[in-house]
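All remarks here apply to the structure that follows.
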Amino acid sequence: MRAFIVLWASATLVFFITRLVPGDPAEAALGGPGSQASEEAVEAVRRQFGFDQPLVVQYGIAMLSLLRLDLGSSYALRQPVATILLDAVPGTLVLAVLALLVAWILAIGLTLAQSQGSRIAARIGDTLEIVASALPHFWLATILIAVFSTALSWFPPVSTGTPTGLVLPVVTLAVPIAGFLAQVMRGSLQEALDAPFATSALARGETRVGLRVRHALRHAALPALGLSAWAFGYLIGGAVVVETIFARPGLGRTLLSAITVRDIPVVTGVVLVSALVYVILTLVTDAVTRLVDPRTAVGGR
Amino acid sequence: MRPQLSRSSAVLATAVISALALSACSSDPEPAATGPTEGGTLTYASGDAEPTCLDPHVGGNYPQALLATQFLESLVSRDADGAIIPWLADSWTVSDDGLTWEFALADGVTFTDGTPLDADAVAANIAHLQDPATQSSTGYLAVEKVTSVEAVDDLTARFTLSEPDSALLESLSQPWLAIESPAGLERGIEENCESPIGTGPFVVESWTKQDRVTLVRNDDYTSAPADAGHDGSAYLDGIEWRFIPDSASRYAALQSGEVDVIDNVQPDVLVQAEGSDSLVELDAPRPGATNRLELNSGTAPFDDVNVREAFIRSVNVDDAVSSLFQGTAERSSSPLASVEPAAYSDESLFSFDPEAAGDLLDEAGWSETDADGFRTKDGERLTLTFPVSTNQSIPAEISLFEQLQANAAEVGFDVQLELLDLASWYEALGANEYDLVSAPYTKVGPDVLRILYHSDGITPAPSGYFANHAQVDDPAIDTLLDEASATVDDAERTSLYEEAQADVLEGFYILPLYDQQNHFLLSTDVHDARALGTVSTPSFADAWLS
């Protein structure tokens, strides 16, 4: 039910925001903004998409078709929105999942590396995390292309349909998230290491590495796990930039071009898909948290 | 009176042959010596927006024209000197009253679906453009005066006009009026948008949205335009037409060999590439209007010609262009692109003279100055609203506007730059909320002047669009433009257009900046690519890879 409300609220917000911003959506079908189409053509399009109806009626019609799981047709692309989304989702999903995976690996590595070492190592790690989490995608992407494509020729600067083409966009998306995750993890790892159970584990003969991997990391991962659903939303935002720079097909680019021409059904579709994925991910991370943290499972709410 | 003529021809000729000439800049053998090699696939990376429909009849914008040039052809074309030349039509005649045109079509041409090119096909295409269901904008406007097209015989199409239109041939040469297979058009808008069927050197094989259009060679190609390098099918096996929106990525992809040609090359990249011996530039400025600032003469303060002149004298365009475009763009002082034989320019009107600007403002009553240094009149500040489209103005151009803003502030103009996305920008224009605007307009031939400066152009189209942003409302200019439009005699027509341009320039309605920039970078492995003399889209019909 809560998930349903989130989706309905997103759809409503998009409906009204897209109509508040300047620009005539009828032009999306007529060659984009600045169209000089004939009166008949403009009227035909207005009738076809129902722009001649009062706003409340348009809203009602839009919500009813969403209830029937009908996302409608793109004004500009003359295709069902569902088809457009199905084409775009895989690219973004691959990118987001891989980026999240790489971010986790980087974050765990960074956290473990620091917890072993000296204060200086911790300082360096700390700075690294803050810098990483603050890096804008467009800047990181440009630097990565300049270094690894233009100078070293290790990876292609644009999508090639091969795994090597994925490396730079995935890293671009992963680095800032890894920074966030590591910051959160390191704090709770330190707490766990200072906790009495850590001392007793060491007393039982657990090695330092074993302590970290088998016991403390579990605690450290919990808050970061909760962040993952949020991180996914952040990744979709980053996808707009990364997909554009690396010329990869996906939801982000679909959204950008749809907004440019005021292609409302497509904008709505992308937002709904993102909201849906966010809802699902929140449910999944909640479930995983319960698995990892027995307290939440037993105590419950 | 036509100082531009010789230069404009030279520019275009240079553009067309630069791929040849520059690739042989050192002591390399002439490409002709090795001869064209068959085979290979060329990868093109476009920075233009991905079209939403590949049929340029629908809507009708430049990204569609770029792609359509590869697989569709028009009745006529235009050569490097700006002369109309045969293409799908071998020859044509016009009646004395200018109302009846007859086109003799090339014999034996077939569309790639096997449908023969005949007079009925031409009639079907014009009907398609005029059908509201096609949702045409550019093409529909261009054939507004055509009342009917009939087949006199198989290969003769007769156009009947409602009034004489001296721009008909130029209009028909544009990719937005390309001739498509009638059988293809009958499939309906959805299917035809995916893969329009034409007579061109390549055929649309597939379109992967947001990624690429795959084009393959048309083995039966016979209909090269009169100025083509060779007859018969293309040397290339095909073209991978990729969409790479980011300028830096596009250049990186070219450097890494991922792609062979890139378009929309920005000034900073052009300068970087200058030193490279593996890249060649193709500079093909677009036809029609120059990039220029239009001064909205319909409302205060620019309803006063002295204020318009004061603004124009207050900005140092020459210095701004040379510093921000780093020698990649040449200053213009004409309403028309340098590729237009009818272009008329008058540099003396646009010299930088802040002192004169100040005097003009005094004269116009803007004689007080407020605490911030801006001129005032009756307590009101001399403010200019300047909406800028981030889709239409490249970063270098936006920086240029900022520089002009700073220049104008010295004299006392408070220029308010507003960076807007395309839809918001058109909305601001439609609401008459602008004093200054830069709105490029591409069209073959000087008839673009009628669209931009005839008082009819102040009335918005049903969609809200209007082209006369300077809101020039001068009966004398209207008369000149109407007469030019009805005059089929070339010399007479040109002189009428020159007079109209002189009036527009002397009225200080516009501040010309430079040609609409259209730079391509090609790998030196690509030979004999050229830009068509129509809307400067690249053609690869003669191109080959080494």
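The values are calculated or read from the model by the stated rules, or taken from the named source; none is laboratory data. What you are looking at is a predicted structure, and each value in this text was computed from that prediction instead of being measured. Cβ: placed from backbone, ideal geometry, glycine included. Neighbour counts: every protein chain shown. The accessibility values were calculated without ligands, DNA or RNA, using every heavy atom of the protein model including side chains. Shrake-Rupley method; radii C 1.70, N 1.55, O 1.52, S 1.80 Å.
For the range B:233-270, accessible area lost to neighbouring protein chains reaches 40 Å² or more, against the chain alone with a 1.4 Å probe, at B:Arg242, B:Pro245, B:Ser249, B:Ala252, B:Glu258. Computed across the range B:53-152, the Kirkwood radius stands at 14.8 Å (inverse of mean 1/r, all Cα pairs). Computed from Cα atoms, the angle from the helix B:354-363 axis to the main principal axis of chain B rounds to 60 degrees. Sorted largest first by accessible area at a 1.4 angstrom probe radius, with every protein chain in place, the residues B:Ser399, B:Ser523 fall in the order B:Ser399, B:Ser523. When the solvent-accessible area of the protein assembly as shown is split by element, carbon and sulfur atoms take up 57 percent of it, the probe being 1.4 Å. Candidate cross-link partners of B:Lys377 among the aspartates and glutamates, defined by an alpha-carbon separation under 16 Å and a same-chain spacing of 8 or more, comprise B:Asp303, B:Asp304, B:Asp359, B:Asp362, B:Glu363, B:Glu368, B:Asp414. The fraction of all Cα pairs in chain B landing in successive 20 Å bins from 0 to the largest distance is 22, 54, 22, 2, given as whole percents. Sorted into 10 angstrom bins from 0, the C-alpha pair distances of the range B:291-514 split as 8, 33, 37, 18, 3, 0 percent. Length, then width, then depth: along the principal axes, the Cα atoms of the range B:182-281 run 49, 33, 21 Å. Qualifying trypsin sites (Lys or Arg not before Pro) in the range A:5-102, where qualification requires a DSSP coil assignment and no more than 15 other C-beta atoms within 10 Å, comprise A:Arg68. Bridgeable aspartates and glutamates around B:Lys145 (alpha carbons under 12 Å apart, same-chain partners fewer than 8 residues away excluded): B:Glu163, B:Asp165. For the peptides B:118-125, B:166-173, the ranking by packing is B:166-173, B:118-125, with the highest mean count of neighbouring Cβ atoms within 10 Å listed first. How large is the Kirkwood hydrodynamic radius of chain A, in angstrom, based on all distinct alpha carbon pairs? Value: 22.0 Å, from the Cα pair sum. For a straight C-alpha distance cut-off of 29 angstrom, the lysines reachable from B:Lys209 (same-chain residues fewer than eight places away being disregarded) are B:Lys443.
Pairing chains A and B buries close to 3400 square angstrom of accessible surface in total, based on protein heavy atoms and a 1.4 angstrom probe. Relative to the dominant Cα principal axis of chain B, helix B:395-411 is inclined by about 20°.
In the range B:51-97, comparing the full protein assembly with the chain on its own, the residues that lose 10 Å² or more of accessible surface at a 1.4 Å probe are B:Thr52, B:Val58, B:Gly59, B:Asn61.
When each of the peptides A:93-100, A:205-212 is scored by the mean number of other C-beta atoms lying within 10 Å of its residues, the order from highest to lowest reads A:93-100, A:205-212.
Translational diffusion of the protein assembly as shown was estimated from the Stokes-Einstein equation, with Rh taken as the Kirkwood radius over Cα pairs; at 37 °C and 0.692 mPa s the coefficient is 111 µm²/s. Taken over the range B:474-534, the percentage of Cα pairs per 10 Å bin, counting from 0 up to the bin with the maximum distance, is 17, 30, 26, 16, 11, 1. Treat the range B:410-457 as a sphere of radius equal to its Kirkwood radius over Cα pairs and apply Stokes-Einstein at 37 °C in a medium of 0.692 mPa s; give the translational diffusion coefficient in µm²/s, rounded to a whole number. Value of D from the Cα-based Kirkwood radius: 249 µm²/s. Per residue, the accessible area of the range B:291-514 comes to 36 Å² when a 1.4 Å probe rolls over the protein heavy atoms. From the alpha carbon centroid of the range B:447-505 to that of the range A:180-212 is 79 Å. List the chymotrypsin sites (Phe, Trp or Tyr not before Pro) within the range B:320-358 that fall in a DSSP loop (any state other than H, G, I, E or B) and whose Cβ has at most 16 other Cβ atoms within 10 Å. Qualifying residues, ordered by number: B:Phe352. Per residue of B:428-440, other chain Cβ atoms within 10 Å of the residue Cβ number 1 on average. For the peptide A:154-160, the mean number of other protein chain Cβ atoms found within 10 angstrom of a residue's Cβ is 6. Under the criterion of Cα pairs below 8 Å and six or more residues apart, the relative contact order for chain B equals 22 percent. May I ask for the angle, rounded to the nearest 10°, between helix B:475-486 and the longest principal axis of chain B, with both axes built from Cα atoms and the value confined to 0 to 90°? In chain B, helix B:475-486 runs at an angle near 10 degrees to the longest axis.
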